[in-house]
1. Give the long-range amide H neighbours of LEU419: residues separated by 5 or more places, or on another chain, with amide H under 5 Å away, using H modelled in the peptide plane at 1.01 Å from N.
2. What FRET efficiency do you get for GLN214 and ASN105 if R0 is 60 Å and r is their Cβ-Cβ distance, rounded to the nearest 0.05?
3. Given a Förster distance of 22 angstrom, what is the FRET efficiency for GLU391 paired with LYS128, based on the Cβ-Cβ distance and rounded to 0.05?
4. Give, in nm to one decimal, the length gained when the segment between THR343 and THR53 is fully stretched (0.36 nm per residue of separation minus the Cα-Cα distance).
5. Give the long-range amide H neighbours of ARG331: residues separated by 5 or more places, or on another chain, with amide H under 5 Å away, using H modelled in the peptide plane at 1.01 Å from N.
6. As an exercise, find the ratio Rg/Rh for segment 50-145 from alpha-carbon atoms, using the Kirkwood inverse-distance average for Rh.
7. Would you please give the FRET efficiency between GLN224 and ALA173, computed as 1/(1 + (r/R0)^6) with r the Cβ-Cβ distance and R0 = 35 Å, to the nearest 0.05?
8. Once you have the Cα-Cα distance between LEU379 and GLN433, take 0.36 nm times their residue separation minus that, and quote the gain in nm to one decimal.
Amino acid sequence: MQVALLAQILALTALGPQVSAISADSNAPPSEPIGTRQTLFAIPFSVDSPEQTSQEPIEVQLLVSADRGKSWQLYSRVEPTRRQFLFRAGADGEYWFRVCTVDRNGRLHTQPPGSPELHVVVDTTPPKLDLSAQQGSAGQIIASWQIDEAHLKPDSLTLQYRNGEAGSWQPVAIGQENQHSSGSMHRGQVTWWPQAGSGDVQIRADVSDSADNQAVSHAQVRVQRVAGSASQNLTPAHGSEQSPDAWRASSERPRMPWPVKDGREAGSDPPFSAVPGNVNPPIANRYVNTQKPVAAKEAGMPLGERPRMVNSRLFELDYDVDAVGPSGISRVELWGTQDSGQTWRSFALDDDNRSPLLVSVDEEGIYGFRVAITTGAGLGGQPPRPGALPEIFVGVDLTKPSARITAAEQGVGAEAGKLVISWTADDQRLDEQPISLAFSESPGGPWTTVASGLENTGRYVWPLDNRVPGQIYLRLEVRDEAGNIAGYETHQSVSLDRMRPAVHIRDVRPLNHTGAKPGPKRYHFR
C-alpha cells in the first residue's frame with residue numbers, strides 16, 4: 001500500500017491563488033522546494049488501493065519537520081476520504097512533510113526515513129533591496145544594488161531608468177558578470193550612458209523571491225553634462241574620481257557598508273567574557289551608525305495625525321478617482337506643502353493620468369499632499385487654497401537609528417542560566433517593536449535569530465539551552481518607522497560558561513580545646 005503527497009500546494013481560496021507545483025513521487029523528494037507566502041494552505045494526498053482488505057487504511061497521518069529532517073512531529077490525522085491536510089505555519093521557514101497510514105489492524109505503514117516527500121518554504125517577507133546610483137566623471141551612470149534574500153528567484157532582478165518624470169522607462173541590461181552572490185547576499189553594479197542632456201534621471205529596481213514576494217527600490221541622479229564625456233560606445237572608465245556631490249545625488253547620503261572584518265589582528269582585543277557579576281567593557285562594533293537622526297521639518301500636523309514614513313526621496317502615491325465624466329481626465333497634478341497647508345506648490349504631474357503617481361522631494365522632512373484633477377472639458381484642477389489641510393502626510397526619513405549593544409552578562413539568582421543582553425537605540429520615530437537580536441558562532445554571520453519584534457526596553461533576558469555554542473557573537477538590528485535599519489555586531493565573542501560548581505562534604509575531624517588536632521587514639525584493656 002502506497003500513500004503519497006501530491007507535489008503541489010493549494011492555497012485556500014480566501015487567502016490567495018494556487019501556488020505552482022513541482023512534480024515528484026512518493027519515493028523521491030522534489031528537486032526544488034515549493035515557495036509560498038501563504039501561512040495557511042492545503043496539502044493534497046493520494047492513497048493507493050491495498051492488495052489485502054486488512055491493509056485498507058482508516059487513517060492518514062501528516063508528519064512535519066522544521067529542522068530539515070533531524071526530528072519529525074505528528075501534525076495531523078485525517079480519514080483517507082478527506083484527500084488533503086490543512087497546514088498552518090507558525091513562522092517563516094523550511095518545512096518538510098511525510099505521510100503514513102494506519103490500517104484496520106492498527107499497523108502503521110510509512111515510507112523509509114530520510115528525505116521529505118514534500119519540501120515547502122514559507123516566506124512572507126519581501127527581499128531587502130538597496131539601490132544607489134551616481135554619475136561618474138565621464139558622464140556615465142553607475143548603479144549599485146544589494147539584495148538580502150535566501151530564496152531569491154533566479155533572473156528576477158530588473159533595472160529601468162528614465163529622464164525626468166515625463167520620460168518613458170528604458171530597460172538596463174544586467175549580465176552575470178555584473179553581479180555576484182555569497183549565501184543570502186547578492187550584490188551587483190552596472191554602468192550605462194543616459195541620453196544626452198542634463199537633469200534628473202530616475203532609476204527603478206525590482207526583484208522577487210521564490211514565494212513571489214516583490215521588493216522595489218528607487219534612486220535618482222542629478223546628471224550634469226560633462227565636457228568631452230564618453231559616448232555610449234566607449235568603455236566605462238575605471239578608477240575615476242567621483243564628483244563631490246555624487247553620494248548626495250545618488251543615494252541622499254552615504255550608505256553604511258555591509259559587515260566586514262575590520263582588519264584587526266587576532267587577539268588584539270581582550271576576550272569578551274560573560275560570567276556572573278561581570279561588568280563587561282564596551283563591545284567593539286563593525287557595522288553601526290551612531291549619528292543622531294536629523295531633525296525632520298514638522299509640517300504642523302493636526303493633533304493625532306501621523307505621517308506615512310518612507311526612506312527614499314523618490315516614492316509612489318496611490319490615488320483613486322471616484323467619478324469620471326464622458327470627457328475623461330486630461331491632467332493629474334500633485335500639490336504639496338511643508339507648513340500644514342499655508343502655502344502650496346506643484347510637486348508632480350502624472351504622465352499617464354493613472355495611479356500610482358511618482359513623487360520626488362529634495363530633502364528629509366514631513367510633507368502634506370493633495371491631488372488636483374482636470375477633466376477633458378477643463379473642469380477642476382484648481383490648486384489647494386491656503387489653509388486647506390492635506391489629504392495625506394508623508395515623512396521622508398533617510399537617517400538610520402543609532403544602535404549599540406552595551407553589555408551581555410550571564411544572569412544570577414532568578415536569571416541564572418540566562419544571558420542578559422543590554423543595548424541602546426535611539427531615533428525620532430522608532431518602529432513600534434523595532435528590536436531584533438541574533439547570534440552566530442563566527443563574526444559576520446550567518447546569523448540565527450534570538451528574538452525579533454521586541455520593544456525598545458534596552459534589555460532582553462535570553463534563556464540558554466545546550467544548542468547554543470559556548471562562544472558566540474551578537475547582532476542587534478534597530479528599525480524605524482520609515483524602514484531604515486541600523487545594525488550593530490560584537491567584534492569580541494561572548495563566552496558562555498555553563499559549568500556550575502559542585503561541592504560535597506568528604507569527612508569531619510574533631511579538634512581538642514587548644515585547637516590542636518587530637519593525638520592518636522589510645523586503648524586500655526583490663
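Each reported figure results from applying straightforward, stated rules to the coordinates on display, with no laboratory input. As the structure is a computational prediction, the values presented were derived from the model and not from experiment. Positions of Cβ are backbone-derived with ideal geometry, glycine not excepted, and every protein chain shown enters the neighbour counts.
1. Distant-sequence amide H within range of LEU419: GLY411, TRP462, LEU464.
2. For GLN214 and ASN105, the calculated efficiency is 0.70.
3. With R0 = 22 Å, the Cβ-Cβ based efficiency is 0.15.
4. Computed gain between THR343 and THR53 is 96.0 nm.
5. Under 5 Å from the amide H of ARG331 lie the amide H atoms of THR374, each far enough along the sequence or on another chain.
6. On the Cα set of segment 50-145, Rg over Rh gives 1.37.
7. E(calc), rounded to 0.05, equals 0.90.
8. Full extension from LEU379 to GLN433 adds 14.8 nm.
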